[in-house]
Amino acid sequence: MKHFYILAASLVSVMSFAQNGVISGQIVDGDTKFSLPGASVKIQDSNRYTISDQNGGYEFLSLPEGTYTVYVEYIGYVTEKQEVVVTSQQTTTANFQLFTGSEELEEIVIIGDFLRGQAKALNQQRNNANISNIISSDQVGRFPDANIGDALKRVPGITMQNDQGEARNIIVRGLSPELNSVTLNGDRIPSAEGDNRNVQMDLIPSDMISSIEVNKTLTPDMDADAIGGSVNLVTRAVPNRERISATLSGGYAPIRDKGLYNGAFIYGNRFADNKLGMIASATWQSQNFGSDNVEAVWDKDDNGNPYLTEMDIRKYDVQRVRRSFSFSSDYVFNENNRLDLTAMYNWRDDRENRYRARYRDIELQDDGTYTGEIRRETKGGIDNNRNKNTRLEDQRVMNISLRGEHLLTPKLDMDWSVSYSKASEDRPNERYMDFRQKDVTMAQSFANNNSPLVYAVGGENPENFELRSISENHDYTQEEEIGAKINFRVPFSVINGEKGRLRFGARLRLKDKVRDNIFYSYEPIDDMGSLAAVQNVYWGGASFNPGAQYAPGYFADKALLGNLDLTNANMFDATLEPSEYLSSNYKAKERITAGYLRWDQDFNSKTSLIAGVRLEQTNIEYSGNYIMDEEDLVGEINNKNNYLNVLPSVTLKHKVNDNFILRAAVTTSLARPNYYNLAPYV
């Protein structure tokens with residue numbers, strides 16, 4: 001790292017004597033004044049070109065003194081051009097306003113307001129050097145996608161793992177979720193999961209994002225731990241004029257006859273003679289739904305005939321409330337220096353009740369009947385203003401980042417950022433109550449092979465179910481990450497007259513993660529009686545989606561479970577159950593330092609190359625528990641390790657024509673093990 005800073009300082013001192021100038025500016029939509037990222041900016045009669053960034057900004061470094069014609073191309077917009085005079089050691093500003101095509105220009109595709117966002121996405125996707133897909137917020141708005149996960153599943157090569165019908169974990173090109181990375185404006189989003197590195201994509205509402213970048217191949221300046229790919233969520237850029245937007249929407253979930261409600265608000269403007277810009281947005285979503293499902297375990301008898309050894313009939317009632325707030329601000333000191341501040345806070349409450357009837361330990365008897373036991377479990381939580389008699393999963397993710405862009409000399413520019421991110425999952429006062437009937441004579445029906453059924457001969461009576469267990473647990477997981485990076489860019493070409501760029505930089509990531517779970521079981525002092533004797537609820541099969549034959553039946557009511565005074569020693573004996581949580585708890589620290597070198601070189605107007613190498617040094621320190629007989633804590637175990645990865649990559653891009661581009665890449669990346677796989681528990 002020391003040699004890296006010496007090299008950077010040397011470059012700054014050497015290049016400070018350059019006698020060239022710079023052209024920079026911003027490209028916006030002439031009607032809406034919104035920034036246009038991904039625009040092709042070219043200098044006429046030369047091979048010099050660049051691509052506008054997320055704020056619509058661009059720059060040409062190290063231009064000799066003289067007059068240049070700069071023109072801008074953008075899908076769906078009329079090409080604009082300007083004559084720009086470059087002066088030595090000066091930055092000349094050339095801003096562009098683009099307008100959609102008119103009927104007089106046959107070669108221009110006419111687009112309406114609805115397709116402007118799609119044009120932005122296509123321009124960025126076409127001009128990206130690596131293999132990627134871009135989704136704009138306007139494209140997301142065409143579908144009822146409440147969260148980022150549901151929007152991502154529409155991208156080619158992307159599959160999502162669902163939870164209760166909503167897309168949660170991302171699968172890129174068939175690779176498992178922990179092998180992909182998720183970033184917000186280039187900063188890593190920590191994981192609220194306790195045992196893996198997955199980022200839950202249903203946590204962030206789709207209203208909060210301007211565009212989604214799915215990078216299926218990596219370049220050396222990107223974090224390397226993304227074997228499948230990298231998903232970058234880009235928040236809204238500060239507008240170039242006042243913007244006010246409000247959205248209200250609603251829906252209906254027939255499976256539980258409940259409503260769906262959504263609201264969003266956006267305000268942005270520029271102040272202080274356009275030097276200071278700000279945009280703030282907020283969204284709120286409330287969804288009430290559920291699911292009905294049947295699960296089974298199979299075996300074969302001595303004659304090879306299949307039968308069920310276990311079957312679950314489950315009824316879920318779910319409410320998900322999402323709240324999200326974001327703020328972005330920039331301050332433009334001059335044409336060579338700017339600062340950006342972004343912050344986002346996402347908070348989701350997932351409330352769930354589950355009623356599970358389980359037919360288990362089913363054994364085939366000599367007379368062709370079956371015997372086993374039946375359990376009826378209610379899943380919920382304490383009755384307070386947060387849990388509301390449900391299992392509450394409180395997930396939160398926040399990120400704050402400060403970035404700077406600086407043109408140090410006409411031949412050297414620099415950008416940097418520092419960020420702090422935090423993710424947490426809190427599951428307080430999660431309760432389970434289970435009733436059981438043993439030695440039940442059962443039968444199995446295979447009249448419909450698609451709907452096998454296990455049932456008690458003679459029916460089920462709640463008076464025959466006795467209390468088996470009551471438990472309460474509190475699970476908490478938290479991950480924090482502090483990140484910093486710095487990047488430099490200088491002109492460097494080995495082919496005379498063709499564009500070339502050398503990029504180099506460094507990256508630091510400091511991660512802290514902890515999982516702290518606890519679990520108690522409870523025995524009532526006085527006999528509570530059978531399932532029929534307690535406050536119960538009956539769920540029939542009339543509206544059960546898999547079929548009326550799968551009637552869930554009787555269960556302890558969630559209100560009964562939520563109002564049990566488990567902390568009252570006169571009513572319940574509490575027993576700490578270390579076997580349920582000691583091996584799960586751990587602490588983790590990771591320090592990742594990286595440096596990279598990236599060289600972009602054009603061979604001609606059609607073919608270009610990106611070659612480079614990334615070095616990532618990983619240092620880890622994990623603490624787990626040493627346990628005897630599953631429940632006796634002996635002490636804590638600490639484990640440290642470090643390793644260096646050298647990761648070269650090459651990307652080729654060939655433009656057959658403006659609408660047909662070929663890309664190929666050979667890259668190396670890495671996957672760090674899941675947190676729980678590294679925890680040194682015994």
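The values are calculated or read from the model by the stated rules, or taken from the named source; none is laboratory data. Worth saying up front: this structure is predicted, and the values here are computed from it rather than measured. Because the Cβ atoms are built from the backbone with ideal geometry, glycine has one as well, and the counts that use them run over all protein chains shown. SASA here: full protein model, heavy atoms, side chains in, ligands and nucleic acids out. Shrake-Rupley method; radii C 1.70, N 1.55, O 1.52, S 1.80 Å.
Quick notes
- Flag if residue 601 is in contact with a strand residue (DSSP E or B) (Cβ under 6 Å, 6 or more places away or on another chain), assigned to a strand (DSSP E or B), in contact (Cβ under 8 Å) with a residue 40 or more places away in the chain and surrounded by fewer than 19 Cβ atoms within 10 Å (Cβ to Cβ): yes
- Long-range neighbours under 8 Å by Cβ, at least six apart or interchain, first residue exposed (fewer than 10 other Cβ atoms within 10 Å of the Cβ) within region 649-667, second not in a strand (DSSP E or B): 656/606
- Total residues in region 238-268, condition in a loop (DSSP other than H, G, I, E, B) and open to solvent by 20 Å² or more (accessible area, probe 1.4 Å): 7
- Among the conditions (1) at pLDDT 90 or above; (2) more than 27 Å from the chain's Cα centre (by Cα), the only one that residue 281 does not satisfy is (2).
- Among the residues of region 560-581, those that are touching a residue at least 60 places away in the same chain (Cβ under 8 Å) and surrounded by 14 or more Cβ atoms within 10 Å (Cβ to Cβ) comprise 560, 561, 562, 564, 566, 572, 577, 580, 581.
- Among the conditions (1) crowded, with 16+ Cβ neighbours inside 10 Å; (2) within 30 Å of residue 409 (Cβ to Cβ); (3) touching a Lys or Arg at 6+ places or on another chain (Cβ under 9 Å); (4) in contact (Cβ under 8 Å) with a residue 40 or more places away in the chain, the only one that residue 278 does not satisfy is (2).
- Filter result for residue 553 (small (Gly, Ala, Ser) and either closer than 30 Å to residue 390 by Cβ or open to solvent by 30 Å² or more (accessible area, probe 1.4 Å) (or both)): yes
- Listed here are the strands (runs of 3 or more DSSP E) enclosed by region 149-237 that have at least 3 residues being closer than 22 Å to residue 348 by Cα and in contact with a helix residue (DSSP H, G or I) (Cβ under 6 Å, 6 or more places away or on another chain): 166-172.
- Meets criteria (touching a helix residue (DSSP H, G or I) at 6+ places or on another chain (Cβ under 6 Å) and either in contact (Cβ under 8 Å) with a residue 24 or more places away in the chain or surrounded by fewer than 18 Cβ atoms within 10 Å (Cβ to Cβ) (or both)) for residue 390: no
- Any chance residue 497 is touching a residue at least 12 places away in the same chain (Cβ under 8 Å), within 30 Å of residue 412 (Cα to Cα) and open to solvent by 50 Å² or more (accessible area, probe 1.4 Å): yes
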